[in-house]
Amino acid sequence: MLFLHGGPGAGCSPEHRRFFDPKYYRIVLFDQRGAGRSSPHGEVTNNTTAHLVSDIEALRDLLKIPAWHVFGGSWGSTLALAYAQAHPQPCLSLTLRGIFLLQASEVDWFVHGLRHFAPQAWEQFVGFLPESLRGNICNGYWTQLNHELPEIRLAAANSWATYEARSVMLRTNTAVPAPPGSGGSSAGSAAGASGSAVGLARLEVHYMRANQFVPDDALLRGVDRIRHIPCAIVQGKYDLLCPPITAVALHAAWPESTLQIIEDAGHSAFEPGIRAALVAIMDGRRTTSQ
């Protein structure tokens, strides 16, 4: 069982094992380049989707795993699709949540469209940047994330991560903060944690500004290569970070997949309805695995 975290840059946490029955699955949590326990933290050199796909195959070879189920949410769904399309043979199934395909329209929604639903968070997000850098928000944040002063770099990372975290769940539960990487972000109180925020912000901005696919809808066009693989899609109806339109588009391109829209959920995998759906899917896969 391969778990692919969100972000990019969010990293894995022990809570991510809870979607899978440990009596049945060998659970592999993969901290992608620059994220989690991988080092150097937040590094963007030689960090592209192609590098990550190659890393996954190297990991599978290292662990001598002939085939595995692949599970990913948010950016993890992007990477799961890219990996499966490059290496369909070892993929027993795909379980995808909060679909994100790194299309220009999705990036534009994140940096501009969210203001329609979270105007105060968006104003703070943009207001952090000097006025001269607000013409291109991603480039502006990249400038500040590479500022010569470490306090500016850290403040930029925290501003980016906080903006994302404020929209990760439909209902905020301060008593049980979601673990880092529960969605596309360091969700909940973890968003303000300086360590996770730096990796998350640097890698998200890096991928959004320089690593989109060509053509833009490459992952939708590549579905024919993986159409035979069982695929389950779980999507929160009120997901502000990765709106349902992308999950619906993926399912339309891949009608052999299943799509569950969770009525009372946003983005996070740890929202009750999404969590229950994902656990049920993975429990069901136990009877169909090789």
Leu203 vs. criteria within 20 Å of His112 (Cα to Cα), among the aliphatic types (A, V, I, L, M), in a helix (DSSP H, G or I) and modelled with pLDDT of 95 or more: yes
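Of the residues that sit in region 232-261 and are assigned to a strand (DSSP E or B) and either open to solvent by less than 10 Å² (accessible area, probe 1.4 Å) or polar (S, T, N, Q) (or both), which one is farthest from His87 (Cα to Cα)? Don't jump to the end; show me each part of the working.
From region 232-261, those assigned to a strand (DSSP E or B) are 232-236, 258-261; that's our starting set.
Cutting the leftovers down to either open to solvent by less than 10 Å² (accessible area, probe 1.4 Å) or polar (S, T, N, Q) (or both) gives us 232-236, 258, 260.
Working: Ala232: 18, Ile233: 20, Val234: 23, Gln235: 25, Gly236: 28, Thr258: 21, Gln260: 26 Å.
Checked region 232-261; the qualifying residue farthest from His87 (Cα to Cα) is Gly236.
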The lone exception for Ala210 - which of (1) small (Gly, Ala, Ser); (2) loosely packed, with under 15 Cβ neighbours inside 10 Å; (3) closer than 19 Å to Leu102 by Cβ; (4) at pLDDT 95 or above it fails: (4)
Enumeration of residues in region 112-127 that are surrounded by fewer than 20 Cβ atoms within 10 Å (Cβ to Cβ) and either of a type outside the set (S, T, N, Q) or assigned to a loop (DSSP other than H, G, I, E, B) (or both): His112, Gly113, Arg115, His116, Phe117, Ala118, Pro119, Ala121, Glu123, Val126, Gly127
Members of region 245-268 that are of a type outside the set (A, V, I, L, M, F, W, C) and either more than 20 Å from Ser105 (Cβ to Cβ) or at pLDDT below 95 (or both): Pro255, Glu256, Ser257, Thr258, Gln260, Glu263, Asp264, Ser268
Residue in region 188-200 that is modelled with the lowest pLDDT, counting only those that are under 16 Å from the mean Cα position of the chain (by Cα) and of a type outside the set (A, V, I, L, M): Gly188
Residue count, region 26-58 (criterion: in contact (Cβ under 8 Å) with a residue 60 or more places away in the chain and under 20 Å from Gln89 (Cβ atoms)): 1
Of the criteria (1) among the aliphatic types (A, V, I, L, M); (2) under 27 Å from Pro243 (Cβ atoms); (3) over 19 Å from the mean Cα position of the chain (by Cα), which one Ala67 fails: (2)
Contacts under 6 angstrom Cβ, first residue in region 1-17 being closer than 17 Å to Leu52 by Cα, partner in a loop (DSSP other than H, G, I, E, B) and charged (D, E, K, R), 6 or more apart: Gly11/Asp31; Cys12/Asp31
Filter result for Trp142 (open to solvent by 40 Å² or more (accessible area, probe 1.4 Å), touching a residue at least 24 places away in the same chain (Cβ under 8 Å) and under 12 Å from Val205 (Cβ atoms)): yes
Residue list for region 53-90, restricted to those being of a type in the set (Val, Ile, Thr) and over 14 Å from Gly7 (Cα atoms): Val53, Ile56, Ile65, Val70
All positions within region 128-139 that are out of contact with any Gly (no Cβ under 6 Å at 6 or more places or on another chain) and open to solvent by less than 50 Å² (accessible area, probe 1.4 Å): Ile137, Cys138
Selection from region 271-290 of residues that are open to solvent by 30 Å² or more (accessible area, probe 1.4 Å) and either touching a Lys or Arg at 6+ places or on another chain (Cβ under 9 Å) or among the charged types (D, E, K, R) (or both): Arg275, Val279, Asp283, Arg286
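The values are calculated or read from the model by the stated rules, or taken from the named source; none is laboratory data. Bear in mind that the values here come from a model prediction, so they are computed numbers and not experimental data. Counting neighbours? That spans all protein chains shown, and the Cβs are built from the backbone with ideal geometry, glycine included. Note: accessible area is taken over every heavy atom of the protein model, side chains too, but ligands, DNA and RNA are not part of it. Shrake-Rupley method; radii C 1.70, N 1.55, O 1.52, S 1.80 Å.
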